[in-house]
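Structure first, commentary second.
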Amino acid sequence: MFVIHHMKDHRLDRMYSKTRLALVKKQFSTYITKYRYWLFPVVLFGLAVASSTELAFSYVEAKQNLGSRYPIVAFQWFLSIIGGFTAIFAGYASVTADRNTGRLPLILKLPYSRNEYLLQKFLGHASALSALLLLVLSCGFLVCSFVLGPPPILAALAFIAVSVLYILVWLSLAMTVSMLVKTGRRAVAVLIPVFIGTGMLWRMTFTSILTPIFGEIPQTISLLITRLVPFRAYLVATNWLTGLPNSHSYGTSVGQDLNAEFVSYSTIVPLELSNGVPWYLNEWLTIPILLFWLVVPPLVATRRFNAVDLV
């Protein structure tokens, strides 16, 4: 038993102690070489390009209104869902797997603190997902430019940056849950309802709780509540960067309604509020909201993770 334990320590020492960022490199190489993670860019590329080239999911009015900007909102549509799920499944077992297999206590015997371990695990996952996302968006915009013309450079670059941030938010939340629970199955059981709920049920649930307590909620506050979650904050931010009106709806739907006499597909804030848009509904404020979800939950979870017994 001592020999086996010593051999395991020696293998881990060689694996993780060669360079200061050994864990980052190990995580990156592990995930970038797994074929199932390549399904993310392949599926995202196929769906968004199919929508942009009218092979499927055609939004004729939106395409006419947006022109070369349409591929940006096509990618937004699918990335908001597929990207979130991919990040969740990339990070849900990031800590629990090491903990349940006994690797975590052994890794921490090497020159890593718990904070360094968590940071490098996150950076390894983040670099792999970011690389795949940059690849698919670059190739997608290039292919779509032959059909609709090249998208505005600044808008495309800003969209890519915020999309990477959005993916990392869900990766961060997945790792947060992975720190707090003991098994990957429990992490998934928490993360999937959270993802679905924040996308579809957040505003309804929140208002149903607050209305009996405070009475009727002002429309501006209801709209603010809607965009406090990553999914809606991402839509608001990318709509803004693409040059669309202030809205937490999909850009494809907003594009449909740009010249419509009656808005039927989307919620466009300036049309909803007759007295003007208050400062707290400005689109740029959704960037700090995304940064909050990226940083604060893992920091809170790290304090608990540093205090628990990992054996």
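The values are calculated or read from the model by the stated rules, or taken from the named source; none is laboratory data. For clarity, every value in this text was computed on a predicted model and none was experimentally measured. When we count neighbours, we look across all protein chains shown, and the Cβ atoms used for this are built from the backbone with ideal geometry, even at glycine. Accessible surface areas use protein heavy atoms only, side chains included; no ligands, DNA or RNA. Shrake-Rupley method; radii C 1.70, N 1.55, O 1.52, S 1.80 Å.
Looking at region 119-205, I'd like the Rg to Rh ratio, where Rg is from alpha-carbon atoms and Rh is Kirkwood's inverse mean 1/r. Write out the running numbers ahead of the final one.
Numbers: Rg = 16.6 Å, Rh = 15.2 Å.
Answer for region 119-205: 1.09.
Note down the magnitude of the dipole of the chain about its Cα centre, charges +1 on Lys and Arg C-beta and -1 on Asp and Glu C-beta and zero elsewhere, to the nearest 20 debye.
Details: 24 positive and 12 negative charges, 365 e Å.
Dipole about the Cα centre, nearest 20: 1760 debye.
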Legend entry - Pairs of lysine residues in the chain - Cα separation under 26 Å, sequence separation of 8 or more or cross-chain: 24
Inset, instruction - Sort out for me the Cα centre separation of region 276-307 from region 40-114, rounded to whole Å. - result: 20
Inset, instruction - Let me have the 222 nm mean residue ellipticity of the chain computed from DSSP H runs of 4+ only, each contributing -39500 (n - 2.57), with the sum over all residues rounded to the nearest 500. - result: -22500 deg cm²/dmol
Inset, instruction - Please give the helix 114-148 orientation as an angle from the longest Cα principal axis of the chain, in degrees from 0 to 90, rounded to the nearest 10. - result: 40
Legend entry - Max mean-square fluctuation residue, GNM over the chain, Cα-Cα springs under 10 Å, options F78, F122, F57: F57
Legend entry - Inter-probe distance in nm under a simple model that places probes 7 Å from Cα toward Cβ, at V143 and S222: 4.1
Inset, instruction - Calculate one ³J(HN,Hα) per residue across region 33-47 by plugging θ = phi - 60° into the Karplus curve 6.51 cos²θ - 1.76 cosθ + 1.60, and present them in order as whole Hz with x for glycine and proline. - result: 9, 8, 4, 5, 6, 6, 5, 4, x, 5, 5, 4, 4, x, 5
Legend entry - For region 294-307, 3J(HN,Hα) per residue [Karplus equation, 6.51 cos²θ - 1.76 cosθ + 1.60, θ = phi - 60°, Hz, x = Gly/Pro]: 5, 9, 5, x, x, 5, 5, 5, 4, 4, 5, 4, 5, 9
Legend entry - Positive-end residue, the chain charge dipole about Cα centroid, Cβ charges, pick of C139, L285, I72: C139
Legend entry - Carbon and sulfur %, accessible surface of region 33-78 computed with the full protein complex present, 1.4 Å: 63
Legend entry - Length-normalised contact order for region 23-306 - Cα pairs under 8 Å, 6+ apart - percent: 25
Legend entry - Principal-axis tilt of helix 153-180 within the chain, Cα atoms, nearest 10 degrees: 50
Inset, instruction - Measure off 7 Å from each Cα along the Cα-to-Cβ vector at T33 and E272, then give the distance between these two points in nanometres to one decimal. - result: 4.8
